[in-house]
Amino acid sequence: MAIRERLSGNEAISFAIKQVNPDVMPAFPITPSTEIPQYVANYIANGEMDTDFIPVESEHSSMSATIGASAAGARALTATSSCGLALMWEELYVAASNRLPLALCLVNRALSGPININCDHSDSMGARDTGFIQIYAENNQEVYDNFIQAYRISEHKDVRLPIMICQDGFITSHAVENIELLEDDKVKNFVGEYNPENYLLNAEQPMAMGPYAVSNYYMETKMAQNTAMQNAKQVILDVGKEFGEMSGRNYGFFEEYRLEDADYAFVIIGSAAGTSKDAVDKLREEGMKVGLLKLRVFRPFPDIEIAKALSNCKAVAIMDRSEGFRSKGGPLGSEVKAALYDYAKNVTAFNLIYGLGGRDFTVEEAEGIYKELAGYVEEGKSFEEYRYIGLRGESYSVTRTGQKGSVNDIKSERV
């Protein structure tokens, strides 16, 4: 029987770590992820788990030590946020290229500068091409569930890639919510023991880890990583289905919320999906056919699946909590638009920026965007994209007029 509890997101993922009981956790504290190693250290001190906790001198060192432990055959993890992730940047590529199935608990926080400790997705989105699997959560329940699935995905023989389990800083990490925990034995049976095929401490099979790759072999290494990332898609679905059979909570690449007959939809990641769902429910009561696609898995990117899910929509707003600084919106917008161009050209897509540095995103703002989508399609009104939602003062934007307008109807301006 599930255990009902009230936990913050940091407490929830720490409890999942305790239940999995990995071998090694190096960590260096940085807000808002500091509580995760703190809780784990308390569990260890109280004799509730036997993980080796390694206090290190920096985040670069924490990922280096995690890589070393994983290469030696241990189940390893660390936790960080924001500038801590930036400091371990070099090591992220090392972990992925060495095909080490370690876990990184990332509490999303804005990257400086200016200095800001609140939520946005600039840290993880900056690391989107490092070779890590990336899974995001809307709420504390999903944070807990995602970690329990993480090692089953990353350690699979067809994958063997590091994985980021992401949650929104302060919004979920420090907010307390009702949650259902699984019994310890169920978690242990589900995750299983880690039995690596190749590792540095295997005396019967001497090997090198991370050697210099000459030009004759480097591209083959990248293709092997790419193949593993492709393989991860089916593994993610299989693990999510098996987890659902055990817990009653099913997981895939994304959640489709009232999307089956929607004319207008959001694509969004993280906690603001809850805000958007409230807007969907309210507008549905008013007779508008609106829906939501909440993306859970950003790497590997489920492009065909996203396009199929949105293919019957007339217009969608892709909501980025990260700036791409390309004058054309954020990384989520770029990739979803590319998917729609390849597989669902009939869907009109706009990209908007919201919530940077912890800026509030309200139900009323979400409602307004849905109505703008409808106005563009049904009344030929203009739509300003790439703008910042809730910004004080001027915002750069690109205005499109009328659904069937030509390139001459598009103009960039400050509004």
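The values are calculated or read from the model by the stated rules, or taken from the named source; none is laboratory data. From a predicted model like this one, the values you see are computed outputs, not experimental measurements. Counting neighbours? That spans all protein chains shown, and the Cβs are built from the backbone with ideal geometry, glycine included.
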In the stretch 100-120, how many are closer than 20 Å to ALA76 by Cα and either among the aromatic types (Phe, Trp, Tyr) or in contact with a Gly (Cβ under 8 Å, 6 or more places away or on another chain) (or both)? 1
Of all the residues that make up the stretch 365-385, how many are touching a helix residue (DSSP H, G or I) at 6+ places or on another chain (Cβ under 8 Å) and buried (at least 22 other Cβ atoms within 10 Å of the Cβ)? 3
When the residues of the stretch 307-328 are narrowed to those that are surrounded by fewer than 24 Cβ atoms within 10 Å (Cβ to Cβ) and under 24 Å from SER124 (Cα atoms), which ends up farthest from the chain's Cα centre (by Cα)? SER327
Return a yes/no flag: does the stretch 392-407 have any residue that is at pLDDT 95 or above and small (Gly, Ala, Ser). no
Could you give me the residue pairs with C-beta distances under 6 Å whose first residue belongs to the stretch 31-46 and is over 12 Å from CYS105 (Cα atoms), whose second residue is at pLDDT 95 or above and part of a helix (DSSP H, G or I) wherever it lies, and which are 6+ apart or on separate chains? TYR39/SER14; VAL40/SER14; VAL40/ILE17; TYR43/LYS18
Filter result (assigned to a loop (DSSP other than H, G, I, E, B) and not aliphatic (A, V, I, L, M)) within the stretch 188-209: GLY192, GLU193, TYR194, ASN195, PRO196, GLU197, ASN198, TYR199, ASN202, GLU204, GLN205, PRO206
Sort out which residues of the stretch 37-57 are closer than 15 Å to THR78 by Cα, in contact with a helix residue (DSSP H, G or I) (Cβ under 6 Å, 6 or more places away or on another chain) and not in a loop (DSSP other than H, G, I, E, B), and write them in order of number. TYR39, VAL40, PHE53, ILE54
Pairs with Cβ under 6 Å, 6+ apart, first in the stretch 207-223 and more than 16 Å from THR130 (Cα to Cα), second outside any loop (DSSP other than H, G, I, E, B): MET209/ALA71; ALA213/THR221
Among the residues of the stretch 67-82, are any farther than 17 Å from ALA95 by Cα and assigned by TED's automatic domain parsing to the domain that holds PHE243? yes
Going by the structure shown, is ASN178 over 20 Å from the mean Cα position of the chain (by Cα), at pLDDT 95 or above and in a helix (DSSP H, G or I)? no
Name the single residue, out of those in the stretch 177-196 being without any contact (Cβ under 8 Å) to a residue 24 or more places away in the chain and polar (S, T, N, Q), that is nearest to GLY274 (Cα to Cα). ASN189
Residues being of a type in the set (A, V, I, L, M), outside any helix (DSSP H, G or I) and under 20 Å from the mean Cα position of the chain (by Cα) - total across the stretch 348-375: 2
I'd like to check something: does the stretch 261-270 contain any residue that is within 21 Å of GLN141 (Cβ to Cβ), acidic (Asp, Glu) and either in contact with a Gly (Cβ under 6 Å, 6 or more places away or on another chain) or not in a helix (DSSP H, G or I) (or both)? no
